[in-house]
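The values are calculated or read from the model by the stated rules, or taken from the named source; none is laboratory data. Computed from a prediction, not measured in an experiment: that's the story for all the values here. In this analysis, Cβ positions are derived from the backbone assuming ideal geometry, glycine residues included, and neighbour counts consider all displayed protein chains. Ligands, DNA and RNA are excluded from the accessible area calculation, which covers all protein heavy atoms including side chains. Shrake-Rupley method; radii C 1.70, N 1.55, O 1.52, S 1.80 Å.
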Amino acid sequence: MNEIIEKTNVITSMEVAEMVGKDHGKLLRDIRNYVAQLGEAKIGFTDFFEESTYTTEQNKVLPCFRSEERRVGKECRSRWS
């Protein structure tokens, strides 16, 4: 019998950029800096961010990040805005 696992709500970096009113490219830069800091602290960034891609209307594949929605709280909004 197959077990059904419910996925946690996920939010993308594009959605976060829109929420905080920031250019997505600049938000990606900030997330990458944050990932580097987590690496230096020997904390796995996959605990917070998952690298992903999305396809634009022009069929371009571009980078983005995904995170559990609960991890993107007020503290992240204030940090990224």
Requested in this report: Starting from the amide H of Y54, placed 1.01 Å from N in the peptide plane, find each other amide H under 5 Å away whose residue is 5 or more places distant or on another chain.
Outcome: L62, C64
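Which sequence of E57, E50 reflects their accessible areas, 1.4 Å probe, from the largest down?
Numbers: E57 175, E50 100 Å².
My answer, sorted largest first, is E57, E50.
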Query raised in the report: Can you work out ³J(HN,Hα) from phi for every residue in segment 17-22, in order, using Karplus 6.51 cos²θ - 1.76 cosθ + 1.60 and θ = phi - 60°, giving whole Hz and x for Gly and Pro?
Result: 4, 5, 4, 9, x, 10
Query - Distance in nm between pseudo-label sites at Q37 and D23 (7 Å out along the Cβ direction from Cα) - result: 2.1
**Report entry** Peptide ranges 20-26, 60-66 listed from the most packed, as the mean C-beta count within 10 angstrom indicates
**Finding:** 60-66, 20-26
